[in-house]
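Everything below concerns the one structure shown next.
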Amino acid sequence: MEPIILASSSPRRQEIFKQLNIPFKVIAPSFVEVKPNDISIFDAPEYFAAQKVKSVVKMFPTDQNLDWVFGADTSIVYDGKLFGKPKDANEARSFLHTFSGHTHQVISGIALFNGSIQFLETKTSKNLVTFKKLSEMEIDWFIDSGEWHGVAGGYRIQGLAQCFISNIEGSFSSIMGLPISEFYDILSEQGYKFIE
């Protein structure tokens, strides 16, 4: 298989690439995630994924051949608000209070740049996650674990937060940060030789 540049420093996305035996090289994007006013919160992850890919493509000289560059972004939406990475423990705590006893959306956007035809394709995966009602002791325990740090919504679906989740509708891998089904589709549509 051809190597893919992964425009993400996310360990979870790297883990999925390894599981799929896809050779990759990580180049962290230089894009700052600021949502333009004309982009809806539901379209923001796909927009961010595309901007991450574009920022990595721009790092290379225009005459250099780039085969594949892939990016992804995951956001959480609840009650009309976008929840990104909490800036500190207090914000992470407020996120958990908000999610407690409710269902929120987890939206993952992906983008693939096909260098051979200079084409960028994007897709979105939308999922629902329901948290049980959390006690202050449970929230304290989770915040003390540090798992809230550096991740959208302040939790990882594959971590301690599994204790709090009563229901999932959609793709587990998408909630992790990389929807495998959509990823496979986008690679296939662009002629990436996934199966040889």
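Which one, GLN118, GLN162, GLN51, has the greatest fluctuation when you compute a Gaussian network model over the chain with C-alpha springs under 10 angstrom? Greatest mean-square fluctuation among the candidates belongs to GLN118.
Counting every C-alpha pair in region 90-180, the share spaced more than 20 angstrom apart comes to 40%. Electrostatic tally near LEU178: other residues with Cβ closer than 14 Å to its Cβ, Lys and Arg +1, Asp and Glu -1, net +1. Mind telling me which of GLY115, GLY80, GLY170 comes out most flexible in a GNM of the chain, alpha-carbon contacts under 10 Å? For the chain, modelled as a Gaussian network with Cα springs under 10 Å, the answer is GLY80.
Taking the DSSP bridge list for region 4-189 and keeping only pairs wholly inside it, about 85 percent are antiparallel. Name the shape class, rounded, prolate or oblate, that the alpha-carbon gyration tensor gives for region 120-159, where a ≥ b ≥ c are the square roots of its eigenvalues, rounded holds for a/c under 1.5, and otherwise prolate holds if a/b is larger than b/c and oblate otherwise. Taking the square roots of the gyration eigenvalues as a ≥ b ≥ c, region 120-159 is oblate. Remark: region 159-167, residue by residue, has Karplus-estimated 3J(HN,Hα) of x, 4, 4, 4, 5, 9, 8, 8, 7 Hz, where x stands for each Gly or Pro and the curve is 6.51 cos²θ - 1.76 cosθ + 1.60 at θ = phi - 60°.
Extension gain for ASN65 to GLN162 (0.36 nm times residue separation, less C-alpha to C-alpha distance): 30.7 nm. Could you tell me the calculated FRET efficiency between GLN14 and LYS35, based on Cβ-Cβ distance and R0 = 41 angstrom, to the nearest 0.05? FRET efficiency, GLN14 to LYS35: 0.95. Counting only Cβ charges, +1 for Lys and Arg and -1 for Asp and Glu, the dipole size of the chain around its Cα centre is about 160 debye. Approximating the spin labels as points 7 Å out from Cα along Cα→Cβ, the LYS133-to-ASN90 distance works out to 2.8 nm.
Fewest-first ordering of TRP148, TRP68, TRP141 by other beta carbons within 10 Å of each residue's beta carbon gives TRP141, TRP68, TRP148. Starting from the Cα of LYS18, draw a straight line to each of the lysines and keep only those under 30 Å, dropping any in the same chain fewer than 8 residues away. Counting by Cα, and skipping residues close in sequence, LYS18 has these lysines nearby: LYS52, LYS54, LYS58, LYS85, LYS87, LYS123, LYS126, LYS193. Ranking of THR74, THR124 by neighbouring Cβ atoms within 10 Å, starting from the fewest: THR124, THR74. Which whole-number percent of Cα pairs in region 4-189 have a distance greater than 20 Å? The answer is 53 percent, as a whole percent. The length gained by stretching the chain between HIS97 and LEU120 to full extension, at 0.36 nm per residue less their Cα-Cα distance, is 4.5 nm. Of the residues SER173, TRP141, HIS102, the one whose Cα sits farthest towards the positive end of the charge dipole of the chain is TRP141 (charges of +1 on Lys and Arg Cβ, -1 on Asp and Glu Cβ, taken about the Cα centre). From helices alone, the chain scores -9000 deg cm²/dmol at 222 nm; the rule is -39500 (n - 2.57) for each run of n ≥ 4 DSSP H residues, then divide by the residue total.
Every read-out reported here was derived from the displayed coordinates using simple, explicitly stated rules and does not represent laboratory data. All values reported here derive from a predicted model rather than from experimental measurement. Positions of Cβ are generated from backbone atoms using ideal geometry, with glycine treated the same way; all protein chains shown enter the neighbour counts.
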